[in-house]
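Undergrad: Dumping the structure here so I can ask a few things about it.
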Amino acid sequence: MPGPAEEPSPEPDVRARITLRVAGAATALVLVAFTMPLGLLATIAPDLSAGDVGRTWILSSMSVGLAGALLVAGSLADDLGRRRIFLAGLAVFGVGGLLGAAAPSVLVLSLARALQGIGGAALLATSLSLIAGAFPAGPARVHATGVWGAMIGLGIAAGPLAGSLIAEVGSWRTAYVALGLLSLAALVPGARGLRESRAPERRPLDPVGAALLGAGLTTLTTGVVQGNAAGWGGAVPVAAFAATLVLLAGFARWELRSAAPVFDVRLLARAGFTGALIGSFVLGVAVLAFMSYVMTWMHVALGASVVGAALWGLPWSAVAFLVSMRARVLGRFLTPRAQTAIGLLVCAVGLFAMRGLDAGSSPAHLAPGLAVLGIGTGLLNAALAQAAVTVVPPSRSGMGAGANNTARYLGAALGVPLVVGLLRTGTADRVADGQAAAAAATGAMNALLLVVAGIAVAGAIAVFVLLRPARAQATPTTEKALA
């Protein structure tokens, strides 16, 4: 750290720009991997003989890895070094992509995507905290976190379209090779351009807490995915839920007694922190989970081509990207609390506007609602990124970012089985049953849209009640305890 007598230099500004570019690009790459199966599932499923259970696992497996590792990665980054964990995440993410390209079965592909999720967790948790450390609080940080949120929208937009286009000219395996090589190539600019940062006081590691939390979240998502796909009374979901109760109870007890917890449960006493977590979780359940399957649904139920379905998803993803880039302007007039609540309400409006589908509907029916949903998603991407690093002490920015992203992708992991389960009715037999099955498929979608719109409204109300300005939350004593 420069001493008080040193002359200021332009290097910090240059470093900050490099940090934003590298961290933003890595964030976009993770979201490309997260959404790419939306454009590839129609070609992956027959190649690997994936039924409903296999499709659900292909879509959900990366969320399982993300949810299980995000919070752990954020806390480790605070103590071991954010640059170090970021680079390790790039390497793991790249290896996961290459393993996915060689996968001979649904099981291996799902495990490879879970590995991508673990690497992606390190990237998402550290990228936001690296940006927060590179830009001082104020307009510069608001702009930088807005760009970071926009990279989420860019990755979501690029993933399905890139996947479907690559599948048209090559195969789905080519897409995973490209992901793996791009992430491994990013190690060079990352190693050269990022500056190491960590909490001022290095705390002892908490491997027991990290293992209990990661295992508990993994068994929870595994139980939900497997239960929805194969039946809730099966041995796997019952065992997974029982293990979840034991693991998370053990985690809570351990953390309350730990001198250096991987997740400081005292942060939950901050209404702003809890409100941000709720906003992220609802975004995952109501929006990301819905969008994780709607393009495949367009292909199966409405007869759109694979590339066409990806293009019809652009009104959402492209608008989300553009709004995230400009959301910093709204930050001058709206608090994160108001912007998050408004974003969720706008998402609810967009979801509700897509209802009214019938057997004769085309994907064009969904486009206006998807555009409105994109506006709400863009507002949320920017607001939640800002909230994640302002409602916690600077020394715990990795923990804050990790917790925020954990809530988002845990919501997505739990929401995908809900979406697939509600949409399963009628879609599989569309070819055989003709108009009757098409009517059943669109009826199921109308019901799903009502459910997720209601979840978004409930989330908006909860966020408005809970999310308060950080300034009103903490006293100096509290800050010292949490730091």
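Undergrad: Of the numbered conditions (1) closer than 21 Å to L161 by Cβ; (2) open to solvent by less than 10 Å² (accessible area, probe 1.4 Å); (3) not hydroxyl-bearing (S, T, Y), A383 fails exactly one; give the number of that condition.
TA: The one condition A383 does not meet is (1).
Undergrad: A follow-up question, please. Pull up region 73-124, narrow it to residues that are in contact with a Leu (Cβ under 6 Å, 6 or more places away or on another chain) and modelled with pLDDT under 90, then point me to the one that is farthest from A150 (Cα to Cα).
TA: Only one residue tops the list, namely R82.
Undergrad: Give region 23-53 a look and list any residue that's in a helix (DSSP H, G or I), farther than 27 Å from P189 by Cα and open to solvent by 10 Å² or more (accessible area, probe 1.4 Å), or say none.
TA: L38, A42, T43, P46, D47, D52, V53
Undergrad: Across region 99-129, which residue is surrounded by the fewest Cβ atoms within 10 Å (Cβ to Cβ) among those that are within 20 Å of the chain's Cα centre (by Cα) and among the polar types (S, T, N, Q)?
TA: Result: S110.
Undergrad: Something else about it: Of these, A25, A45, which one is small (G, A, S) and under 18 Å from the mean Cα position of the chain (by Cα)?
TA: Checking each option against the conditions leaves just A25.
Undergrad: Continuing with this model, one more query. If the requirement is being closer than 13 Å to A28 by Cα and among the polar types (S, T, N, Q), which of these qualifies: S164, S171, S183?
TA: After applying the criteria, what remains is S183.
Undergrad: Report whether or not V64 is surrounded by fewer than 24 Cβ atoms within 10 Å (Cβ to Cβ) and of a type in the set (V, I, T).
TA: no
Undergrad: Which residue pairs have Cβ atoms under 8 Å apart, sit 6 or more places apart or on different chains, and have a first residue in region 67-88 that is touching a residue at least 40 places away in the same chain (Cβ under 8 Å) and closer than 26 Å to T219 by Cα and a second that is basic (K, R) and open to solvent by less than 10 Å² (accessible area, probe 1.4 Å)?
TA: Close Cβ pairs (under 8 Å, with a partner that is basic (K, R) and open to solvent by less than 10 Å² (accessible area, probe 1.4 Å)) amount to D78/R396.
Undergrad: Taking region 432-477 on its own, how many of its residues are in a helix (DSSP H, G or I), modelled with pLDDT under 55 and open to solvent by 50 Å² or more (accessible area, probe 1.4 Å)?
TA: 6
Undergrad: Sticking with this structure for a sec: Would you pick out the residues in region 374-392 that are modelled with pLDDT of 85 or more, within 16 Å of L31 (Cα to Cα) and hydrophobic (A, V, I, L, M, F, W, C)?
TA: L380
Undergrad: Six or more apart or on different chains, Cβ atoms under 6 Å: show the pairs whose first residue is in region 27-44 and farther than 22 Å from T126 by Cα and whose second is part of a helix (DSSP H, G or I) and among the β-branched types (V, I, T).
TA: P37/I58; L41/T296; A42/V306
Undergrad: Are there any pairs with C-beta distances below 7 angstrom linking a residue in region 137-153 that is open to solvent by less than 10 Å² (accessible area, probe 1.4 Å) and of a type in the set (G, A, S) to a residue that is modelled with pLDDT of 75 or more and assigned to a loop (DSSP other than H, G, I, E, B), with the two at least 6 apart or on different chains, and if so which?
TA: Hits for this filter: A144/F135.
Undergrad: So the check is Cβ under 8 Å with 6+ separation or different chains; which pairs have a first residue in region 349-370 that's touching a residue at least 12 places away in the same chain (Cβ under 8 Å) and a second one that's hydroxyl-bearing (S, T, Y) and open to solvent by less than 30 Å² (accessible area, probe 1.4 Å)?
TA: Note: pairs meeting the criteria are L357/T442; D358/T442; A359/T442; S361/T442.
Undergrad: Do we find that V188 is free of Cβ contacts under 8 Å to residues at least 24 places away in the same chain and either under 26 Å from T27 (Cα atoms) or among the β-branched types (V, I, T) (or both) in this structure?
TA: Taking the combined requirement at face value, the residue satisfies it.
The values are calculated or read from the model by the stated rules, or taken from the named source; none is laboratory data. Keep in mind that this is a model prediction, so the values were computed, not measured. Positions of Cβ are generated from backbone atoms using ideal geometry, with glycine treated the same way; all protein chains shown enter the neighbour counts. Note: accessible area is taken over every heavy atom of the protein model, side chains too, but ligands, DNA and RNA are not part of it. Shrake-Rupley method; radii C 1.70, N 1.55, O 1.52, S 1.80 Å.
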